[in-house]
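Here's the structure we're looking at; comments come further down.
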Amino acid sequence: MSQPNLSAEVLLSALEQAIDATIIIDDRNDVIFFNNAAANLWGMDKAEVLGQNVNVLVPALHRAGHDAFIDRNRESGLNRIVGTSREVEFTRANGEYVCGELSLSKVITDTGRIFYMGVMKNVTDESQQRKILILQNDVLQALASDMLIQDVADLLCRRVESFVPGTVAVLMLIAPSGQLRVLASPTLPKRYRTSLESLFISPSEQEKLRLDPNYTTRLIWDSYRSLGISLGLQQCFCTPVKTRSGQVQGIFALYAREDQGRNTWPQRIVDSCIPFCALAFEQNATKEHISHLANFDSLTGLLNRSSVHKVIESMISKQDGNRQFAIFMLDIDRFRDINDALGHVYADQFLVEIAARIRAISLDGYVVSRSGGDEFVVVVPNCPNKEATAFAERLLATIAKPMQIGENTLTISCSIGISTYPDNGPDSESLLSTADVALRQAKEDGRGTFRFANLEKNQVAQDRLVLGSALRDSLAKGMLNLHYQPQVRTHTLELSGVEALSRWHHPHLGNIFPSRFIAVAEETGQIEAIGRWSLLEACRQIVKWDRDGVHVPTVAVNLSAVHFRNRALPEHIAALLKDHNLKPSRLTVEITESVMMDSSSDTEEVLQSIRNLGCGLSMDDFGTGYSSLSRLTRLPLTEIKIDRSFINDFEYDTNAQAVTMAVIGIGSRLGMTVVTEGVETEQQRALLEELNCDVMQGYLFAKPLAPDDLEKWVKHHQTIRAILPDTKAAKTVSTKKKPS
């Protein structure tokens, strides 16, 4: 079958009728073929194009170097563009934006002349849709990455400007005051931006924007057209940005540097940006709301505690040479009664009124905060003590005015603690802490008053804080230990038992006296842990002494009042004795007079249960507090200890001798062992023997000893008693100076 004879006429007719724009240029870059599809695509008549340089079809931006570009391809023979497809953008004769997919072919004639044929497919819709998707993806990723709204707006504007060359993109936010605020506009002339930001949009104008989007052009272009043209701006495409609730929150605009005519692409991309802008505004509003919640009290609208910390630190950091200020911490007296009587709703109204009163007397520059509950903080700059006193008195008087809450008229008072910078601390934490200590002092002194921070009292509080933390760490690491002070029978001087006493040596703080750390333990809630540890350590030590052939009849362990409110204490002691295979009589539990005065059924049941186990119960420091003889008869005590304060000058004080004799008599009649503490001289020992005291304890016999040292003491004591068995000899040997 022979090949068909395709004449030039047939080929040209086919190209002419092709649905895609087809252009052929000769070796001089002149257009020699331009079909109807091309005429429609460019919006130009054939007569305007045929015989003209192809530059008439090239965007103005690229015309200058276009011939040179083609010539290099002719000369080099490198087909970097021939046989490939690329997307090109240009503007039709009527100004309409067009995007086409261009394919180039190269034709070499028999004579060596080089022609080029270009086929352009209109892909405007596809290209625009793709760019809108790219824009959507970029903005959504930016929002997801938690970028600031200004950065999101800048990204959006730059991307739009790249998609619509020769334009200036602007995203504007309408502030609550109505002022127009430019969030981002990378290339907007400064003068035009200033003019836009001087515009205030009234509520009625915002309503017009909501109902008629075209009103936007009147607001931001028609009124400024002359200025815009003078700055090179020729046209404006704009739309209001509405939230999902329909509220107008901003405007997105695209200014063109050349008249775009009937070009719909700028307006299309502007309309496409509106959902992204609305989303950015809503996300920003959410962030601001969260930020407000994080920094402000939701009930009163005042700064919260964390924010006032930041403000104080900022005031401290200012290097202006005048950084003195005062902090007033205010607390409503007996607020719990108000809360209980009125209920939470009215109590909240009460707090809102208190906040309003404080704000009303606070000048510009004062910082007012609700730091929690019924506690408020006011920071007053440039406030020496005289002015601080005056403001505190004004606060007291303002709060004390009668207040109507619901149907109730309240007259209340407040207490105020005052600290000053730099006198009371170098940072916000210490300043608020010292103000809090001063506040508590004001409450202790009768409420309805104010107190300035006392450095000495604050130091005690800080010391307690440091010790409390160190004590917790030491307990966890086993850094506490027990020392044991011997107790001897008065007439035979044989070992009756030992009292276990806690000792604490900290690697950095050194030796801490028991009177100091026990008080800290009670205030910080660690005393119960120390008591449990003491019981366990005492049981372990008894077992070790027994194993080493050292007989210690009983060990007395001090427990605080808090232990005896725990019904599980007897069971805990029973388990310890069982685990260590010890008879209950080997353990004595010492109680204080505060336990004795506790008349609760729980405490009495715990004490009786411990006694039922067979353990001893000893009343420590008897006579120093408010000991009740009636309570003494009802408690299951086996022992009372006369406090050392009665033994000081015991030899010369007949009143002390009379009291001691009475206590010994009461103990004997109740069947209790009487132990006298603080025995330091032979004369004291002799008098106690005459009074028939059962057991003595004091430096005359031994100071509190470490376990190994007590073991040596016991063996030495037993040896002396074996050599000198009679009482007088024993007395002679026991007489010695107070250990250093």
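The values are calculated or read from the model by the stated rules, or taken from the named source; none is laboratory data. Just so it is clear, the model here is predicted, and its values are computed rather than measured. Note that we place each Cβ from the backbone using ideal geometry, even for glycine, and neighbour counts take in every protein chain shown. Side chains included, ligands, DNA and RNA excluded: accessible areas come from the protein's heavy atoms. Shrake-Rupley method; radii C 1.70, N 1.55, O 1.52, S 1.80 Å.
Of the listed pairs 318/386; 208/287; 443/641, which have alpha-carbon separations greater than 30 Å here?
Pairs exceeding the cut-off: 443/641.
Counting each pair of different Cα atoms once, what's the Kirkwood radius of the chain in Å, rounded to one decimal?
Across the chain, the inverse of the average 1/r is 36.2 Å.
Distance between the C-alpha centers of region 104-129 and region 179-226? Whole Å please.
45
Quick one: pull the percent of accessible area on region 363-487 belonging to carbon and sulfur, 1.4 Å probe, ligands and nucleic acids left out.
The value for region 363-487 is 49 percent carbon and sulfur by accessible area.
Tell me, what does the Kirkwood hydrodynamic radius of region 220-274 come to in angstroms if you use every pair of distinct C-alpha atoms?
12.1
For region 493-499, in order, what is each residue's ³J(HN,Hα) by Karplus, 6.51 cos²θ - 1.76 cosθ + 1.60 with θ = phi - 60°, in whole Hz (x at glycine and Pro)?
These are the phi-based 3J(HN,Hα) values: 6, 6, 5, 8, x, 9, 9 Hz.
Starting at the first residue of region 438-450, write each ³J(HN,Hα) from the Karplus equation 6.51 cos²θ - 1.76 cosθ + 1.60 with θ = phi - 60°, in whole Hz, x for Gly and Pro.
5, 4, 5, 5, 4, 5, 5, 7, x, 6, x, 8, 10
Take the Cα coordinates of region 494-545, assign each an equal point scatterer, and use the Debye formula without solvent to give log10 I(q)/I(0) at q = 0.13 Å⁻¹.
Relative scattering, expressed as log10 I(q)/I(0), comes to -0.41.
Take the Cα pairs of region 388-536, get the Kirkwood Rh, then feed it into Stokes-Einstein at 37 °C and 0.692 mPa s and tell me D in µm²/s.
D, rounded to a whole number, is 171 µm²/s.
Listed highest first by mean packing, meaning other Cβ atoms within 10 Å per residue, what order do 199-207, 163-171, 679-687 come in?
The densest-packed peptide leads the list: 163-171, 679-687, 199-207.
Which ³J(HN,Hα) values, rounded to whole Hz and listed in residue order, are derived for region 584-591 from phi using the Karplus coefficients 6.51, -1.76 and 1.60 in 6.51 cos²θ - 1.76 cosθ + 1.60 with θ = phi - 60°, glycine and proline given as x?
Along region 584-591, the couplings run x, 5, 6, 10, 10, 9, 8, 10 Hz.
Per residue, how many Å² of accessible area does region 27-111 show with a 1.4 Å probe?
Accessible area per residue, region 27-111: 58 Å².
How do 270, 659 stack up against each other in accessible area, from largest to smallest, with a 1.4 angstrom probe?
Final ranking, largest accessible area leading: 659, 270.
Label-point separation (nm) for residue 670 and residue 519, each offset 7 Å from Cα along Cα-to-Cβ?
So the label points at residue 670 and residue 519 sit 2.9 nm apart.
How are the Cα pair distances of region 332-441 distributed, in percent, across 10 Å bins from 0?
13, 46, 31, 10, 1
Can you give the angle from 0 to 90° between the axis of helix 8-17 and the longest principal axis of the chain, with both taken from C-alpha atoms, to the nearest 10?
50
Kirkwood Rh over alpha-carbon pairs of region 167-215, then Stokes-Einstein at 20 °C and 1.002 mPa s: what D in µm² s⁻¹, rounded to an integer?
The diffusion coefficient I find is 185 µm²/s.
Dividing the convex hull volume of the alpha carbon atoms of region 353-414 by its residue count, what do you get in Å³ per residue?
83
Work out, in µm²/s and without decimals, the Stokes-Einstein translational diffusion coefficient of region 322-392 at 37 °C, 0.692 mPa s, Rh from Kirkwood over C-alpha pairs.
Diffusion coefficient, whole number: 248 µm²/s.
Compute the normalised compactness of region 79-218: alpha-carbon radius of gyration over 2.2 N^0.38 Å, N being the residue count.
For region 79-218, the normalised Cα radius of gyration comes out at 1.53.
Taking the solvent-accessible surface of protein heavy atoms with a 1.4 Å probe, what is the per residue accessible area of region 147-235 in Å²?
Heavy-atom accessible area per residue stands at 49 Å².
What are the semi-axes of the equivalent ellipsoid of region 117-187, taken as the square roots of 5 times the eigenvalues of the Cα gyration tensor, listed largest first and rounded to whole Å?
30, 15, 10
For residue 234, list long-range residues whose amide hydrogen, built 1.01 Å from N in the peptide plane, is under 5 Å from its own amide hydrogen.
For residue 234, the qualifying residues are 256, 257, 258.
Can you give the Rg/Rh ratio of region 184-315, where Rg is from the C-alpha atoms and Rh is the Kirkwood radius?
So for region 184-315, dividing Rg by the Kirkwood Rh gives 1.10.
List every residue whose amide H lies under 5 Å from the amide H of residue 164, counting only residues 5 or more places away in sequence or on a different chain, with H placed 1.01 Å from N in the peptide plane.
Counting only residues 5 or more places away or on other chains, the set is empty.
At 222 nm, what helix-only mean residue ellipticity would the chain give, in deg cm²/dmol to the nearest 500, using -39500 (n - 2.57) for each DSSP H run of four or more?
-14500 deg cm²/dmol
What accessible area per residue comes out for region 333-439, rounded to a whole number of Å², with a 1.4 Å probe?
46
Within the chain, what percent of beta bridges assigned by DSSP are antiparallel, to the nearest 5?
For the chain, the DSSP antiparallel bridge percentage is about 75.
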